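S.K.: I have a structure here, written as structure tokens, and I will follow up with some questions on it.
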Amino acid sequence: MSKIIVLMGAPGAGKGTQARLLQERKGIPQISTGDIFREMKNSDTPLAREVQKIMADGRLVPDDLTFKIVKERTGREDCKGSYILDGYPRTEVQAQQLEELASEQGKEIEAFLIDVDREVLEKRMTGRRTCAVCGEIFNLYFKPPVKCERPECDLEKNLIHRADDNEESVRQRLITYEEKTKPLIDYYERKGKLRRIDGNRDPEAIYADLEKLIDAV
Ligand code: AMP
């Protein structure tokens, strides 16, 4: 049966990095709700402005709107088989909505938690920089943005510091995570659907464990 691979973990845990590696190396499409919302900033509609404000404050976009977006995106051709969700679900309501979607789509949900200590998380977020051209993720402390694989990237011109990676937003995002998203760890554990990975290591070590666990389900 096809799987919905849910990558869980606090903001800064490295879900995006791992989702990108899985997509590149195993060809499983990754859907990141955060990326979809960030792309909305290019459209100047009242909805896009509201979403930007919510993100900058470190709050969550309403469940029903988020679900609509996930349903539409995962209904496309590339998600006919297994796919990865990065940053979804983030509330108990979203987890329920995802159960319904999974049964409609005839897929099974498997959750993987990337577990990272608090001090590491803060550095990962405030130090994070992303290449605007290819999306590669760097970190000022752990992986300085020196150069991308592709010559057209030119990091001097195209390096993004996410608007919500400043100290105040980071603090609020961690609070939102503790209150709203952490309870989902128990939710998936009770269902016997949660696997844990030590995320306090370099991305390749985390990836090796994650890939093994995914191959085993
Ligand atoms: P991320 O890139 O996953 O850290 O997401 C960045 C921001 O997008 C979050 O802080 C939220 O404001 C919003 N967002 C992303 N995913 C969700 C979700 N599943 N539910 C609600 N808001 C979300």
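The values are calculated or read from the model by the stated rules, or taken from the named source; none is laboratory data. Note that this is a predicted model, so its numbers are computed, not measured. For neighbour counting, all protein chains shown are included, and Cβ atoms are generated from backbone atoms with ideal geometry for every residue, glycine included.
S.K.: Within the group Glu110, Glu100, which residue is at pLDDT 95 or above, in a helix (DSSP H, G or I) and under 30 Å from Ser82 (Cα atoms)? Break it down into steps so the answer makes sense when it comes.
M.R.: Values: Glu110 fails: in a helix (DSSP H, G or I).
The conditions single out Glu100.
S.K.: Thr66 - would you say it is buried (at least 21 other Cβ atoms within 10 Å of the Cβ), within 13 Å of the ligand (Cβ to nearest atom) and more than 20 Å from Arg20 (Cα to Cα)?
M.R.: Details: buried (at least 21 other Cβ atoms within 10 Å of the Cβ): yes; within 13 Å of the ligand (Cβ to nearest atom): yes; more than 20 Å from Arg20 (Cα to Cα): yes.
Judged against the criteria, Thr66 is a match.
S.K.: Report, by residue number, each residue of region 172-217 that is surrounded by 13 or more Cβ atoms within 10 Å (Cβ to Cβ), part of a helix (DSSP H, G or I) and among the charged types (D, E, K, R).
M.R.: Within region 172-217, Arg173, Lys180, Glu189, Asp209, Glu211 qualify.
S.K.: Something else: Scan region 1-37 residue by residue and report those that are more than 26 Å from Asp117 (Cβ to Cβ) and not hydrophobic (A, V, I, L, M, F, W, C). Break it down stepwise before answering.
M.R.: As a first pass, look at region 1-37 and keep what is more than 26 Å from Asp117 (Cβ to Cβ): 1-4, 23-29, 31, 36-37.
Within region 1-37, Ser2, Lys3, Gln23, Glu24, Arg25, Lys26, Gly27, Pro29 qualify.
S.K.: Among the candidates Gln23, Gln30, Gln52, which residue alone is more than 8 Å from the ligand (Cβ to nearest atom), within 30 Å of Arg201 (Cβ to Cβ) and in contact with a helix residue (DSSP H, G or I) (Cβ under 7 Å, 6 or more places away or on another chain)? So that I can check it myself, show each step before the final result.
M.R.: On the way: Gln23 fails: in contact with a helix residue (DSSP H, G or I) (Cβ under 7 Å, 6 or more places away or on another chain); Gln52 fails: within 30 Å of Arg201 (Cβ to Cβ).
Among Gln23, Gln30, Gln52, only Gln30 is more than 8 Å from the ligand (Cβ to nearest atom), within 30 Å of Arg201 (Cβ to Cβ) and in contact with a helix residue (DSSP H, G or I) (Cβ under 7 Å, 6 or more places away or on another chain).
S.K.: Might you let me know whether region 6-18 holds any residue that is out of contact with any His (no Cβ under 9 Å at 6 or more places or on another chain), among the hydrophobic types (A, V, I, L, M, F, W, C) and free of Cβ contacts under 8 Å to residues at least 12 places away in the same chain?
M.R.: There is no residue in region 6-18 that is out of contact with any His (no Cβ under 9 Å at 6 or more places or on another chain), among the hydrophobic types (A, V, I, L, M, F, W, C) and free of Cβ contacts under 8 Å to residues at least 12 places away in the same chain.
S.K.: Here is a further query. So which pairs qualify, if the first residue must be in region 87-111 and within 21 Å of Gly16 (Cα to Cα) and without any contact (Cβ under 8 Å) to a residue 40 or more places away in the chain, the second must be within 15 Å of the ligand (Cβ to nearest atom) and of a type in the set (A, V, I, L, M, F, W, C), the Cβ gap must be under 7 Å, and the two must be at least 6 apart or on different chains?
M.R.: Gln94/Phe67
S.K.: Report yes if Val51 is in contact (Cβ under 8 Å) with a residue 24 or more places away in the chain and more than 16 Å from the chain's Cα centre (by Cα), otherwise no.
M.R.: no
S.K.: Taking the options Arg73, Arg59, name whichever one is near the ligand (Cβ under 8 Å from one of its atoms), more than 26 Å from Asp209 (Cβ to Cβ) and within 17 Å of the chain's Cα centre (by Cα).
M.R.: Details: Arg73 fails: near the ligand (Cβ under 8 Å from one of its atoms).
None of the others qualify; the one that does is Arg59.
S.K.: Sort out which residues of region 39-71 are within 24 Å of Ala95 (Cβ to Cβ) and of a type in the set (S, T, N, Q), and write them in order of number.
M.R.: The answer is Thr66, and nothing else.
S.K.: Under 6 Å between Cβ atoms, which residue pairs at least 6 apart in sequence (or on different chains) link something in region 58-83 that is under 20 Å from Ser2 (Cα atoms) with a partner that is near the ligand (Cβ under 9 Å from one of its atoms) and of a type outside the set (Asp, Glu)?
M.R.: Val70/Tyr88
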